[in-house]
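Novice: I'd like to ask you about the structure that follows.
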Amino acid sequence: EPEVTQTPSHQVTQMGQEVILRCVPISNHLYFYWYRQILGQKVEFLVSFYNNEISEKSEIFDDQFSVERPDGSNFTLKIRSTKLEDSAMYFCASSEDRDYGYTFGSGTRLTVV
Amino acid sequence: DAKTTQPTSMDCAEGRAANLPCNHSTISGNEYVYWYRQIHSQGPQYIIHGLKNNETNEMASLIITEDRKSSTLILPHATLRDTAVYYCESTGNSGYALNFGKGTSLLVTP
């Protein structure tokens, strides 16, 4: 069964550093998403991406965050100047169409120290 | 404001059917109802979705009331591996992306 692949599985970074989280969506999917989950809290929507541009974003997704699809396979989330409160699991997801179910990756655990 | 409401937790005996309810009285006529689950801290797993008609797949059945104000996810023969948080969601207030609530924590017991 096709999977969404996320790397790395765990990233530790110092406060103030920039991190890039990587995702390989399912190949025939057209919609891409990033979500995050702070330990013990809800899964929160960050951003959706379609046709090489952001289609929706939440209030969380401010100027500190950016997304990119640098080639035909990768979808990245960049977090600039990380803060302690950015520590969370970050999940990438993709879907074939807007109304279809999403396939989620297994996540990247980001720890900011 | 959340568009869906679910009980906080439920128990089910192994081998029995697990029936998870969801109220979504404010969703509009063209908004789908989606069910996902999250086992421990893994990524959410898509289960099923529907608009008006009942749906069934290899994982579960989805029963949607005729007025679309509520639905029930049915796991026909629950196993211990079905212990998870189950989310009933619709699209967001201002767009199409899913916003996850707190879900129902289902505990399947031996």
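Readers should treat all values here as calculations from the given coordinates under stated rules, not as data from a laboratory. Since we're looking at a predicted model, the values are computed, not measured. A quick note on method: Cβ atoms are made from the backbone with ideal geometry, for glycine too, and the neighbour counts reach across all protein chains shown.
Novice: Taking the Cα-to-Cβ direction at B:Asp67 and at B:Asn30 and moving 7 Å from each Cα, how far apart do the two end points lie in nm?
Specialist: 2.4 nm
Novice: Report, for the range B:13-110, the % of DSSP beta bridges that are antiparallel, rounded to 5.
Specialist: Taking every DSSP beta bridge with both residues in the range B:13-110, the antiparallel ones total about 95 percent.
Novice: Return the ratio Rg/(2.2 N^0.38 Å) for the range A:1-74, where Rg is computed over Cα atoms only.
Specialist: That ratio works out to 1.16.
Novice: Continuing with this model, one more query. Using the Cα atoms of chain B, I'd like the radius of gyration and the largest Cα-Cα distance, Dmax, both in angstrom.
Specialist: That works out to 13.2, 42 Å for Rg and Dmax.
Novice: Moving to a separate point now. Highest GNM mean-square fluctuation, chain B, Cα pairs closer than 10 Å: which of B:Leu62, B:Leu75, B:Leu98?
Specialist: B:Leu98
Novice: A follow-up question, please. Just grab the label-to-label distance for A:Glu1 and A:Ile54, each label 7 Å out from Cα along the Cβ direction, in nm (one decimal).
Specialist: Between A:Glu1 and A:Ile54, the simple spin-label model gives 3.2 nm.
Novice: Take A:Lys78 and B:Thr56, extend 7 Å from each Cα along the Cα→Cβ direction, and tell me the distance between the two endpoints in nm.
Specialist: Calculated label separation equals 5.0 nm.
Novice: Which net charge results when you count Lys and Arg as +1 and Asp and Glu as -1 among the other residues whose beta-carbon is under 13 Å from that of B:Ile47?
Specialist: -3
Novice: Please report Rg (one decimal) and Dmax (integer) in Å for the Cα set of the protein assembly as shown.
Specialist: For the protein assembly as shown, the Cα radius of gyration and maximum Cα-Cα distance read 17.6, 53 Å.
Novice: Can you put B:Tyr34, A:Tyr35, B:Tyr96 in order of Cβ neighbours within 10 angstrom, beginning with the fewest?
Specialist: Placing the least packed residue first, the sequence is B:Tyr96, B:Tyr34, A:Tyr35.
Novice: Just to be sure I understand: with springs between alpha-carbon atoms less than 10 Å apart, which residue in A:Gly72, A:Gly101, A:Gly40 has the highest mean-square fluctuation in the Gaussian network model of chain A?
Specialist: In this elastic network of chain A, the residue with the biggest mean-square fluctuation among A:Gly72, A:Gly101, A:Gly40 is A:Gly40.
Novice: Can you spot the lysines whose alpha carbon is less than 16 Å from B:Lys52's alpha carbon? Ignore those fewer than 8 places along the same chain.
Specialist: Once the sequence-local lysines are set aside, what remains near B:Lys52 is B:Lys69.
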